[in-house]
Amino acid sequence: MIKYSVGIDISKNDFHVCLSSINAIQQVKVIRSSSFKNNKAGFSDLSKWINTSCLQKDIPLCIVMEATGVYYENCALYLFKRGFHISVILPNKSKKYFAALGIKTKNDKIDAKGLSRMGAEQVLDRWKPMGEFFYSLRSLTRHNQSLKEIKTSLTNQVEAVEQSMYQNKKTLLSLGKLINAIEKQIEANIKEISAHISSNEEVEQKVKNITAIKGVGELTVAVILAETNGFELFKSASQLVSYAGYDVIENQSGKHTGKTKISKKGNSRIRRSLHMPALCLVTYDVKIFKDLYNRTVEKHGIKMKSYVAIQKKLLTLMYALWKKNEKFDETYGVTNTTRDVEAAHSSRYGFEEAV
């Protein structure tokens, strides 16, 4: 044997585990399976089960689980603190892996076995828990999005009642009160987000550096930081671009050439938060973004595609400003030609030009 792998299929109340091993000729063998309660006692029993099941202590061990809502977090954190190598993968990644193996039946035991085999055959990235500061920030920003979605739903209901054949004044009054209450909660939530950012001087200063970009507000930056753990999840801008779903995919084979588009296989909250700032950057005529917009629209004539390019460029710029702790300078290099300005900013802030 050259490696142990534990697959964990976790749910709200319990989780199933499967321990496998792989040898030098890539043969995967199931050693043991079991199930535990999704609580601290169950985590402790799992840790003991792993230690007693892995007889050869000098062989590497990895533990693989899916990012199923928040149900995996306590278990992953418990094992991480005890020195285990944890890998948390997206459900769609494991789904495609199972499909490639020809697995058609789905239940907790089979999923745990599949994850165990996946961990044995592949080298998966090690999971690292979010810091408490950014975890709390993520809770606030996601609550803000939920509140806005509720407000939008209520507003749509008001419009439906107003446009109906017979209006019910009591229904409109009730909906109006709900909307007012939600608006107050949104205002309070925004203040809480601002106060949370101000509680950390380093974070507050870096946020101010980024919000120097005209059209980028504190809430937008808060969402980006919350969803990326303060950019700690990434070693390069290209990893960040892929995580956000801005990576470009092609559809070409032989003489066939399909559309080139972004994958959208990533964090949709990041893309959603950058939509309005991208529009504002063009409206406010921020030079490096307006030049990119004009150049790309002239190339393909699709305005929304150009706005997506601006979103991608803005994201990588925010990443560079955060890492280097520099404030954005809109006037930097304005006396040069457009191409010189692009090159100067790219060199200074270290981001790749969006395509």
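The values are calculated or read from the model by the stated rules, or taken from the named source; none is laboratory data. Because the structure is a prediction, the values reported are computed rather than measured. In this analysis, Cβ positions are derived from the backbone assuming ideal geometry, glycine residues included, and neighbour counts consider all displayed protein chains. SASA here: full protein model, heavy atoms, side chains in, ligands and nucleic acids out. Shrake-Rupley method; radii C 1.70, N 1.55, O 1.52, S 1.80 Å.
I need the helices of the chain that pass two filters: whole DSSP H segments spanning 18 Å or more by Cα along the axis, and mean Kyte-Doolittle score no lower than -1.0. Could the numbers behind the result be given before it?
On the way: long enough: 40-53 (19 Å, -0.45); 108-121 (20 Å, -0.76); 132-162 (45 Å, -0.62); 169-198 (44 Å, 0.01); 287-300 (20 Å, -1.19); 303-324 (31 Å, -0.03).
Helix filter hits for the chain: 40-53, 108-121, 132-162, 169-198, 303-324.
For the chain, what is the charge dipole size about the Cα centre, in debye to the nearest 20, if Lys and Arg each add +1 at the Cβ and Asp and Glu each add -1 at the Cβ? List each step's numbers first, then the result.
Values: 54 positive and 35 negative charges, 211 e Å.
About 1020 debye.
If you count only protein heavy atoms with a 1.4 Å probe, what accessible area per residue comes out for segment 125-245, rounded to a whole Å²? Before the final figure, lay out the partial values.
Numbers: 6960 Å² over 121 residues.
Solvent-accessible surface per residue comes out at 58 Å².
Using only helices, what value at 222 nm comes out for the chain when you add -39,500 (n - 2.57) per DSSP H run of length 4 or more and divide by the total residues, to the nearest 500 deg cm²/dmol?
Numbers: 14 runs with 202 residues, N = 355.
It comes out at -18500 deg cm²/dmol, rounded to the nearest 500.
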For segment 178-307, just the Cα set please: Rg and Dmax, both in angstrom.
-> 17.8, 58
Subtracting the Cα-Cα distance of Asn200 and His143 from 0.36 nm times their residue separation yields 18.5 nm
Take the solvent-accessible surface of the protein heavy atoms, probe 1.4 Å, and return the percent of it on segment 1-84 that carbon and sulfur atoms account for.
-> 52 percent
In Å², what does the accessible area per residue of segment 1-81 work out to with a 1.4 Å probe?
-> 51 Å²
Pick out, in residue order, every one of the trypsin sites (Lys or Arg not before Pro) in segment 99-195 that is DSSP loop and has at most 12 other C-beta atoms within 10 Å; say none if there are none.
-> Lys104, Lys106, Arg126
At a 1.4 Å probe radius, carbon and sulfur cover how many percent of the accessible area of segment 124-265?
-> 50 percent
Cβ-Cβ FRET estimate between Tyr71 and Gln157, R0 fixed at 45 Å, reported to 0.05 = 0.90
Could you check which residue among Lys81, Lys214, Lys259 shows the biggest mean-square fluctuation in a GNM of the chain with a 10 Å Cα cutoff?
-> Lys259
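Any chance you could list the semi-axes, whole Å, largest first, of the equivalent ellipsoid that the Cα gyration tensor gives for the chain, using √(5λ)?
Numbers: eigenvalues 336, 169, 99 Å².
Taking √(5λ) for each Cα gyration eigenvalue gives 41, 29, 22 Å.
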log10 I(q)/I(0), Debye, Cα-only segment 210-258, no solvent, q = 0.17, 0.18, 0.20, 0.21 Å⁻¹?
-> -0.65, -0.69, -0.77, -0.81
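Roughly speaking, to the nearest percent, how much of segment 276-320's 1.4 Å accessible area is carbon and sulfur? Walk me through the numbers before you get to the answer.
Numbers: 1100 of 1900 Å².
Of all accessible area on segment 276-320, carbon and sulfur atoms account for 58 percent.
Can you classify segment 94-184 as rounded, prolate or oblate using the Cα gyration tensor, where a ≥ b ≥ c are the square roots of its eigenvalues, rounded means a/c under 1.5, and otherwise it's prolate if a/b beats b/c and oblate if not?
Oblate is the answer for segment 94-184, as a/c is 1.5 or above yet b/c matches or exceeds a/b.
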In whole Å, what three semi-axes, largest first, describe the equivalent ellipsoid of segment 1-90 built from its Cα gyration tensor (square root of 5 times each eigenvalue)?
-> 22, 13, 12
So how far apart, in nm, are the two label points at Asp14 and Lys303 if each is 7 Å from Cα heading toward Cβ?
-> 5.7 nm
Charges only on Cβ, +1 for Lys and Arg, -1 for Asp and Glu: so what's the dipole of segment 30-84 about the Cα centre, in debye to the nearest 20?
-> 200 debye
Please sort 296-308, 223-235 by packing, taking for each peptide the average over its residues of neighbouring beta carbons within 10 angstrom, highest first.
-> 223-235, 296-308
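Could you tell me which of rounded, prolate or oblate describes segment 255-325, using a ≥ b ≥ c as the square roots of the eigenvalues of the alpha-carbon gyration tensor, with rounded for a/c under 1.5 and, failing that, prolate when a/b is larger than b/c and oblate otherwise?
On the way: a/c = 1.89, a/b = 1.25, b/c = 1.50.
Here segment 255-325 falls in the oblate category.
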Using a basic spin-label model with each label point 7 Å from the Cα along Cα→Cβ, how many nm lie between Asp329 and Thr171?
-> 6.0 nm
